Amino acid sequence: MSDASNAALLDVRDVSKAFGTVEVLRAVSLEVKRGEVVTIIGPSGSGKTTLLRCVNFLESYDSGSIRIDGKEVGYRDAGTRQRRSERDLAAMRAETGMVFQSFNLFPHLTAAGNIMLGLRKVRGKSEAEARKIAEHWLGRVGLAHKADSLPAELSGGQQQRVGIARAVAMEPKILLLDEITSALDPELVGEVLAVVRSLAEDGMTMLMVTHEMAFARDASSRIVFMADGGVSAVGPPAEILATEASNERLRSFLARFRASHF
Amino acid sequence: MGYTLNFNLIWRHFDKLWGGLLLSLELAVISIAIGIVIGLVLAVWYVSAGRVVRSIIAAYVEFIRNVPLILLVYLVFYGLPTVVDIAYSAPTSFVATLSLYSGAYLVEVFRSGLEAVPRGQLDAGKAIGLTPWQRLIHVRLPTMLRITLPALSNTFLSLFKDTSVASVISVPELTYGAQWINFNTFRIVEVYLVTTAMYLLTGYVLLFALRLVERRFRAAR
């Protein structure tokens with residue numbers, strides 16, 4: 001029992017990926033344990049988003065392995081590099097939730113409809129059941145009154161909260177958050193982060209890419225600093241975000257970051 | 001100018017025009033319906049297929065788009081039965097031709113619509129675990145439809161007008177009815193005035209109906 005809970009839920013091992021001749025991921029390894037919130041920071045172009053997209057196989061990777069709950073992602077097993085069938089991939093992706101920078105709500109469906117689609121088609125729930133679950137999660141993100149609104153009728157912050165509800169309603173094993181506040185006006189960032197914080201308090205396992213350093217510091221169990229496609233530093237927030245960090249790259253990233261954000 | 005307009009003969013034979021208009025609409029509706037199926041299937045196939053299939057579909061589209069409709073109508077009605085052992089009535093032959101014709105145009109409309117669906121929406125569909133087929137039905141097609149509706153309305157309208165070409169193989173649609181009255185009464189100005197008005201009016205009604213549909217969908221964007 002303690003064995004299972006100590007083993008990493010997400011295990012990324014030596015994952016490399018190139019777009020043509022550009023190496024975007026170089027032998028990246030990281031672990032996320034059940035209930036942990038791990039934040040990836042780093043300069044743009046460092047491969048953060050690509051890594052996140054590899055975890056639910058929105059991107060393929062060239063070598064290495066990614067396992068969720070012991071199960072190889074994307075490929076049948078690490079040795080053969082044989083891509084899983086589309087049906088397998090779909091079933092596997094249903095176990096990971098993802099929230100996107102640009103929300104990516106389905107524009108023709110209401111807030112509730114966005115959440116219900118996966119519940120109905122992937123989880124096989126009845127209309128009434130799906131609706132109940134959708135309403136529950138909309139309530140959790142403070143949008144119970146917007147169930148029947150279309151995405152175009154919602155503010156960015158509201159859309160993103162629906163995006164979060166859509167992902168968590170599927171009861172994923174792990175939630176992937178890809179710069180989910182980057183497209184929001186500053187005054188709307190808080191409402192979205194509050195939702196993420198409450199999910200973390202519930203024990204939701206999360207892997208997130210963010211530029212919100214204050215949030216990363218407060219909410220993360222660990223912070224991963226990526227640079228040039230590789231993991232440059234990993235550690236608890238206090239250690240990584242310390243101004244006197246020993247890692248040269250990290251120090252200059254944080255210095256530049258502070259200069260531009262404060 | 002010694003010509004005085006006299007519509008009496010036109011009204012006497014108005015059933016030719018009215019019946020013709022109904023047949024025009026019928027030809028258009030059936031052909032467009034078949035064309036939509038052809039267009040959708042080929043467009044979906046195109047965006048997910050390899051290079052060979054793509055070039056075959058592109059060749060079909062290019063062929064149809066670069067040959068005048070009237071020539072296609074002659075080819076299918078007179079040409080095909082002399083080469084292959086098939087027989088069909090003029091209306092059937094025309095419906096087949098206009099279906100292939102509209103199919104080619106609609107492939108283009110649907111293909112560009114499918115390609116215009118934001119990548120992020122497809123990613124979102126993948127991320128919640130939808131299979132490729134489910135993503136197509138529940139994510140890609142609904143958005144594609146919204147994007148292509150204005151172009152679709154225009155295509156439908158021009159296909160309705162294209163039914164007039166059926167007159168060259170004696171399908172008794174509206175233009176054929178007009179010709180018949182002209183040959184039998186010599187009231188050329190009157191009959192074509194009335195016929196023009198009928199095309200115009202029908203076109204407006206169609207356009208109005210299509211715009212209503214568009215607005216309904218746009219409101220739901």
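The numbers here are math on the coordinates, done by the rules we state, and not lab data. Predicted model, so just to flag it, every value in this text is computed and none were measured. So basically every Cβ, Gly included, is an ideal-geometry build from the backbone, and we count neighbours across all protein chains shown.
For the range A:188-262 versus the range B:59-117, the inter-centroid distance based on Cα atoms is 60 Å. Peptides B:204-215, A:7-18 ranked from most to least packed give A:7-18, B:204-215, packing being the mean of other C-beta atoms within 10 angstrom over each peptide's residues. Springs join every pair of Cα atoms under 10 Å in this Gaussian network model of chain B, and among B:SER102, B:SER89, B:SER170 the largest mean-square fluctuation is at B:SER89.
As a test, work out the antiparallel percent of DSSP beta bridges whose residues both lie in the range A:170-261, rounded to the nearest 5. Bridges in the range A:170-261 are about 55 percent antiparallel. Taken residue by residue and averaged, Cβ atoms of other chains lying within 10 Å of the Cβ of B:115-126 number 5. Under 19 Å between alpha carbons, and skipping anything fewer than 8 positions from A:LYS48 in its own chain: which lysines qualify? Partners within reach: A:LYS17, A:LYS33.
Note on B:138-149: average number of Cβ atoms from other chains within 10 Å of each residue's Cβ is 2. Looking at the range A:1-151 alone, DSSP beta bridges between its own residues are antiparallel in about 100 percent of cases. Here the translational diffusion coefficient of the range B:28-151 follows from Stokes-Einstein with Rh set to the Kirkwood radius across Cα pairs; for 20 °C and 1.002 mPa s it amounts to 135 µm²/s. Could you tell me how far the Cα centroid of the range A:13-45 sits from the Cα centroid of the range B:155-169, in Å? Result: 58 Å between the Cα centres.
Most simply put, the protein assembly as shown has about 55% antiparallel DSSP beta bridges, counting only bridges with both residues inside it. Peptide A:96-109 is shielded by partner chain Cβ atoms: per residue, an average of 5 of them sit within 10 Å of its Cβ.
Subtracting the Cα-Cα distance of A:GLU201 and A:SER60 from 0.36 nm times their residue separation leaves 47.6 nm of extension gain. Coupling constants for the range B:105-120 follow from the phi torsions by the Karplus curve (6.51 cos²θ - 1.76 cosθ + 1.60, θ = phi - 60°), and in residue order they are 5, 6, 4, 5, 4, 5, 4, 5, x, 4, 6, 8, 5, x, 3, x Hz; glycine and proline get x.
If you model the range B:8-219 as an ellipsoid using its alpha carbon gyration tensor, with each semi-axis the square root of five times an eigenvalue, the axes come out at 38, 22, 11 Å, biggest first. Amide H contacts of A:MET226: A:ILE41, A:GLY42, A:SER232, each under 5 Å away and 5 or more positions distant or on a separate chain (H built 1.01 Å from N in the peptide plane; Pro and chain starts excluded). When the Gaussian network model of chain A links Cα atoms closer than 10 Å, the mean-square fluctuations of A:GLU129, A:GLU86, A:GLU239 top out at A:GLU86.
Between B:PHE183, B:PHE160, B:PHE94, the residue with the greatest mean-square fluctuation in the GNM of chain B (Cα pairs under 10 Å linked by springs) is B:PHE183. Each of B:PHE217, B:PRO118, B:ILE56 was scored by the projection of its Cα onto the charge dipole of chain B, and the greatest displacement toward the positive side belongs to B:PRO118; charges sit on the C-beta of Lys, Arg, Asp and Glu.
The residue list B:LEU141, B:GLY39, B:ILE188 was ranked by how far each Cα lies along the charge dipole of chain B toward its positive end, using unit charges on Cβ atoms, and B:LEU141 comes out on top. From the square roots a ≥ b ≥ c of the eigenvalues of the alpha-carbon gyration tensor of the range A:20-82, which class results: rounded (a/c under 1.5), prolate (a/b over b/c), or oblate? Oblate, since a/c reaches 1.5 and b/c is not below a/b. Under 23 Å of direct C-alpha separation, and excluding same-chain neighbours fewer than eight residues apart, B:LYS161 reaches these lysines: B:LYS16. Placing +1 on each Lys and Arg Cβ and -1 on each Asp and Glu Cβ, with no other charges, gives the protein assembly as shown a dipole about its Cα centre of roughly 340 debye. Mind checking the log10 I(q)/I(0) for the range A:94-220 at q = 0.09, 0.11, 0.14 Å⁻¹? Debye, one equal scatterer per Cα, no solvent, two decimals. Cα-only, vacuum Debye calculation for the range A:94-220: -0.22, -0.33, -0.54. Going by neighbour counts of Cβ atoms within 10 Å, the residues B:HIS13, B:HIS138 line up, fewest first, as B:HIS13, B:HIS138.
Between A:ALA255, A:THR243, A:VAL231, the Cα set farthest toward the positive side of the dipole of the range A:223-262 (charges on each charged residue's Cβ, about the Cα centre) is that of A:ALA255.
When its C-alpha radius of gyration is set against 2.2 N^0.38 Å (N residues), the protein assembly as shown gives a value of 1.32. Arranged from fewest to most other beta-carbon atoms within 10 Å of their beta carbon, B:PHE156, B:PHE110 become B:PHE156, B:PHE110.
Where Rh is the Kirkwood radius over the Cα pairs of the range A:185-260, the temperature 20 °C and the viscosity 1.002 mPa s, what D in µm²/s does Stokes-Einstein return? Using the Kirkwood radius from Cα pairs, D works out to 159 µm²/s.
A simple rule links phi to the HN-Hα coupling: the Karplus curve 6.51 cos²θ - 1.76 cosθ + 1.60 with θ = phi - 60°, which for the range A:17-29 gives 7, 10, 9, x, 9, 8, 7, 8, 10, 10, 6, 7, 10 Hz, with x for Gly and Pro. When you restrict to C-alpha pairs under 8 Å that are six or more residues apart and normalise by the size of chain B, the relative contact order lands at 33 percent. Within the straight-line cut-off of under 18 Å between alpha carbons, the lysines reachable from A:LYS121 are A:LYS132, B:LYS126, sequence neighbours fewer than 8 places apart in one chain being disregarded. With Cα atoms as the point set, the radius of gyration and Dmax of chain A evaluate to 18.4, 55 Å.
Amide H to amide H, with H built 1.01 Å from N, A:THR205 comes under 5 Å of A:GLY35, A:LEU175, counting only residues 5 or more places away or on other chains. Listed values for the range A:7-16 are Karplus-derived 3J(HN,Hα) couplings in whole Hz (6.51 cos²θ - 1.76 cosθ + 1.60, θ = phi - 60°), namely 5, 5, 6, 10, 10, 9, 10, 6, 7, 10, and x replaces Gly and Pro.
Rounded to the nearest 20 debye, the dipole magnitude of chain A is 500 debye, with +1 charges on Lys and Arg beta carbons, -1 on Asp and Glu beta carbons, and the Cα centre as origin.
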